Amino acid sequence: MARGPGHEIALVDTPGIHRPEYRLNAAMVRDATDALAQADLVLWIVDASEKRGTGEEHIRRLIEKSGKPAILALNKIDRIAKPKLLPMLQEFAAGFDFRAIVPISARTGDGVERLTAALVENLPAGEAAYPEDFLTATPESEWIGELIREKLLERTREELPFASAVVVESVREDDAKNLTVVTASIVVEREGQKGIVIGAGGTMIREIGKAARAELEAETGRKFFLELTVKVRERWRDDERFLSQLVEGPGGKRP
């Protein structure tokens, strides 16, 4: 949720559209394409520092087929030489009638205000749909799981970029100790990957837990205790039963 004077923007962050190699990837692509049908406005974010590929044409056709207005944000402009930016802008403008094309850098903040203004200008007018203190519709357990996985990927991205998942098994309050206790499993596909996540003498998993706990406490103002374990589940990305557990969350209830 993003707010400012006179506007409210509900952002739906979808998985990236890509060629699915597993059932997990196919489900992610379905989520992304389904979101196109529900959105008032599409924001397509492209990494300007990467080479152009055929996948971009596929995404452009999906947006065109949806019939929804779209804005293009060219991110990471701080990583490319300025003379390369204008031809890139012209190339994208020639392929689709975007409402706006905004070069930005999420790292430096350059262009972010211009992007916000473009979103506000192109969204339909209406009454506020959410209370002023509303931040997200994401269930807390899902948010915690994503935060733990973020800390995991920051430290192991080279070794296992897509081979890990986080299952939050429970989130409970320990009133006697004034703690929120989170029990979660980091799931990998092979024994060798388990060793990477645990680290020598457990150093890696402790570092992941420490970083996740610090951010949870900073964001919520509450004290957390994380119980993290590592489990091996071969080919979990093709396991429909396991994938349903990831969606349903703690207690087997779908968010």
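Considering only residues that are free of Cβ contacts under 8 Å to residues at least 24 places away in the same chain and touching a Ser or Thr at 6+ places or on another chain (Cβ under 8 Å), which ones fall in region 163-181? Listed by number, the residues that qualify are VAL166, ARG172, GLU173. Is it the case that ALA93 is of a type in the set (A, V, I, L, M), in contact with a strand residue (DSSP E or B) (Cβ under 7 Å, 6 or more places away or on another chain) and free of Cβ contacts under 8 Å to residues at least 12 places away in the same chain? Here the answer is yes, as ALA93 does meet what is asked. Residues that are outside any helix (DSSP H, G or I) and under 23 Å from the mean Cα position of the chain (by Cα) were ranked within region 185-204; the one that is nearest to ARG235 (Cα to Cα) is GLU189.
Of the candidates ALA184, ALA200, ALA218, ALA118, the single residue that is free of Cβ contacts under 8 Å to residues at least 60 places away in the same chain and in the same structural domain as LEU11 (by TED's automatic domain parsing) is ALA118. Can you tell me which of (1) surrounded by 15 or more Cβ atoms within 10 Å (Cβ to Cβ); (2) at pLDDT 90 or above is the one PRO139 doesn't meet? For PRO139, the failing item is (2). Within region 148-181, the residues that satisfy the criterion of being among the acidic types (Asp, Glu) and under 14 Å from the mean Cα position of the chain (by Cα) are GLU150, GLU154.
The values are calculated or read from the model by the stated rules, or taken from the named source; none is laboratory data. From a predicted model like this one, the values you see are computed outputs, not experimental measurements. All Cβ positions, even for glycine, are placed from backbone atoms using ideal geometry, and neighbour counts span all protein chains on display.
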